[in-house]
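The values are calculated or read from the model by the stated rules, or taken from the named source; none is laboratory data. What you see is a predicted model; the values in this text were computed from it and never measured. Methodologically, a virtual Cβ is constructed for each residue, glycine included, from the backbone with ideal geometry; neighbour enumeration extends over all protein chains shown. Heads up: the accessible areas ignore ligands, DNA and RNA and are worked out on the full protein's heavy atoms, side chains in. Shrake-Rupley method; radii C 1.70, N 1.55, O 1.52, S 1.80 Å.
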Amino acid sequence: MILIKNATLVTQDNKRRIVENAGLFIERDKIKDIGQSKTIEKKYARQAKKVIDGQGKIVMPGLINTHGHLAMTLLRGYADDLSLEKWWLKHIYPAESQFTPHHVYVGSLLAILEMIKSGTTCFTDFYYYEDQVAKAVREIGMRGILGCAALDLPTFAFKSPLEALEQAKKMIRSTKGDILSVALAPHMFQTTSLKTYQQCKEISKGNNLLLMTHLSETKGEVDYCLKKYKKRPIEVLFKAGILDDKTLLVHCCWLNKKEIKILAQSGASVAHCPISNMKLASGTMPLTEMLKAGINISLGTDSACSNNSLDMFEEMKTAALLHKVNQLNPTVADAQTVLDMATINGARALNLEKEIGSLEKGKQADLIVLDFKNPHLAPCHNVISHLVYSAKGSDVETAIINGRVFMENREIERVNQDKVLDQAKKFAIF
Ligand SMILES: [Zn+2]
């Protein structure tokens, strides 16, 4: 039972209401009521076990990061300033081959700390040994989707796609009724056969789960696809029955008009990762055309080794700036559109829009409190503008996930941060 009073609420509801002098009451894991602070205080002050004074603070839905590889935080800064092919094949893939399940566990702990401390309350992982990610998540606690990677190349976690799919099935059985859920994650066209994509889709359909995959990240990938299948990536997946409203495509930098139309009709969502795309010089996703077509676009950081942080506030600002300069048009990717991508659109992309993504009665209580009494946030003419263009992850003071306070005054109660940092440091040099 948590009562938040005297706050400014950025609800991200259908009307995108901003409520001044607002109160919000959390009962167990859900938002029970929202209204004027005085009314909420009168109704719930007696029941409240904890009161948060929101004076000078912004309360908003927790940010939803729809693409990442948690354990790769251990490779932050390991290989920079390279093309994606060189970066992955010559540096990242060989380094990852030395990973053990323990690396995945420690890297995930580090990522979870970084995400909560910068306002993310729901993550999407895409990796191997997801049981280790789940172990780390359960130790600290966070909402997330565990994407079990599947590819035809051998990895440090499995030798064949069949083995990868068996691991995914095991994960599905062990996460029933959890705030964690599983997704099938065929890796990308160059590493994954269409047969593996289809097997992943069968499992995801049979279990009502999300399927996510990297798609059209580079021009090289499109050329590969055209050569192998005589079709562009979206056409191949559509024809193979992979695309529907339970599909999340990551990147989509190289879509043409026909692909945008097919994608819009399919109902699949997209995870846009502007910083990673810029850092690896992969390409620019055609955001305006995709939004016009009605495609649901969410936002992701990708891994800490192609970003190199997991701060969704940085990602929002970069998304807005990238599309403005790319189109030489400052009106595109406006602040509200970008904030939607990091909140309610993210929830929709993960099929969680009924649970999270906005502050509304009956929804799960996943929210963050930002301290707006900072020089870089003064004066405040427009809250939405500040959230996208001026705020930083470090302005997040409190994070509540599923009705529980995970961070208060920037301290995460359930974990010894120094211990996690010490463990992570051991992996700094391979
Ligand atoms: Zn990725």
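Some points to look at:
- Contact map, the range 9-29: residues that are in contact (Cβ under 8 Å) with a residue 60 or more places away in the chain and in the same structural domain as K49 (by TED's automatic domain parsing) paired with residues that are open to solvent by less than 10 Å² (accessible area, probe 1.4 Å) and of a type in the set (S, T, N, Q), Cβ distance under 8 Å, separation 6+ or inter-chain. Pairs shown: T11/S358; Q12/T343; Q12/S358; D13/S358; I18/T11.
- In the range 216-251, the residues that are open to solvent by 50 Å² or more (accessible area, probe 1.4 Å) and at positive phi: K230
- Number of residues in the range 305-317 that are within 16 Å of the ligand (Cβ to nearest atom) and at pLDDT 95 or above: the value is 6.
- Test for M72: is it surrounded by 24 or more Cβ atoms within 10 Å (Cβ to Cβ) and of a type in the set (A, V, I, L, M): yes
- For W254: the one exception among (1) under 20 Å from K201 (Cβ atoms); (2) among the hydrophobic types (A, V, I, L, M, F, W, C); (3) in contact with a Gly (Cβ under 6 Å, 6 or more places away or on another chain); (4) open to solvent by 30 Å² or more (accessible area, probe 1.4 Å): (1)
Conditions (1) within 16 Å of the ligand (Cβ to nearest atom); (2) in contact with a strand residue (DSSP E or B) (Cβ under 6 Å, 6 or more places away or on another chain); (3) at pLDDT 95 or above; (4) farther than 19 Å from L367 by Cα, marked per residue:
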| position | (1), (2), (3), (4) |
| --- | --- |
| T11 | no, no, yes, no |
| N14 | no, no, yes, no |
| E27 | no, no, yes, no |
| D33 | no, yes, yes, no |
| V51 | no, yes, yes, no |
| G54 | no, yes, yes, no |
| M60 | no, yes, yes, no |
| G77 | no, no, no, yes |
| S83 | yes, no, no, yes |
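- Residue in the range 94-110 that is of a type in the set (V, I, T) and within 13 Å of the ligand (Cβ to nearest atom) present: no
- Hits in the range 34-55 - residues which are in contact with a Phe, Trp or Tyr (Cβ under 6 Å, 6 or more places away or on another chain) and either under 30 Å from E130 (Cα atoms) or open to solvent by 10 Å² or more (accessible area, probe 1.4 Å) (or both): Y44
- Within the range 78-89, one or more residues are under 21 Å from T191 (Cα atoms) and in contact with an Asp or Glu (Cβ under 9 Å, 6 or more places away or on another chain).
- The single condition from (1) open to solvent by less than 10 Å² (accessible area, probe 1.4 Å); (2) assigned to a strand (DSSP E or B); (3) out of contact with any Asp or Glu (no Cβ under 6 Å at 6 or more places or on another chain) that S108 fails is (2).
- Selected residue [of a type in the set (A, V, I, L, M) and open to solvent by 60 Å² or more (accessible area, probe 1.4 Å)] from V332, V338, V325, V383: V325
- Odd one out for S160 among (1) within 16 Å of the ligand (Cβ to nearest atom); (2) farther than 17 Å from V104 by Cα: (1)
- Pair list, Cβ < 9 Å and 6+ apart or interchain, from the range 270-285 residues that are within 16 Å of L248 (Cβ to Cβ) to residues that are more than 12 Å from the ligand (Cβ to nearest atom) and among the charged types (D, E, K, R): H272/E315; C273/E315
- All positions within the range 157-199 that are under 16 Å from L237 (Cβ atoms) and over 21 Å from the mean Cα position of the chain (by Cα): F189, Q190, T191, T192, S193, L194, K195, T196, Y197, Q198, Q199
- The one condition from (1) in contact with a Phe, Trp or Tyr (Cβ under 8 Å, 6 or more places away or on another chain); (2) at positive phi that C380 does not meet is (2).
- In the range 190-294, counting only helices (runs of 4 or more DSSP H) that sit wholly within it, the ones holding 3 or more residues that are within 16 Å of the ligand (Cβ to nearest atom) span 274-279.
- Considering the range 327-430, the qualifying helices (runs of 4 or more DSSP H), each wholly inside and each with 3 or more residues that are at pLDDT below 95, run over 417-425.
- Against the numbered list (1) more than 19 Å from N307 (Cβ to Cβ); (2) more than 16 Å from the ligand (Cβ to nearest atom), E130 comes up short only at (2).
- Condition check for S174: in contact with a strand residue (DSSP E or B) (Cβ under 8 Å, 6 or more places away or on another chain) and either buried (at least 19 other Cβ atoms within 10 Å of the Cβ) or at pLDDT below 95 (or both): no
- Among the residues of the range 128-135, none qualifies, meaning not one is closer than 27 Å to E397 by Cβ and charged (D, E, K, R).
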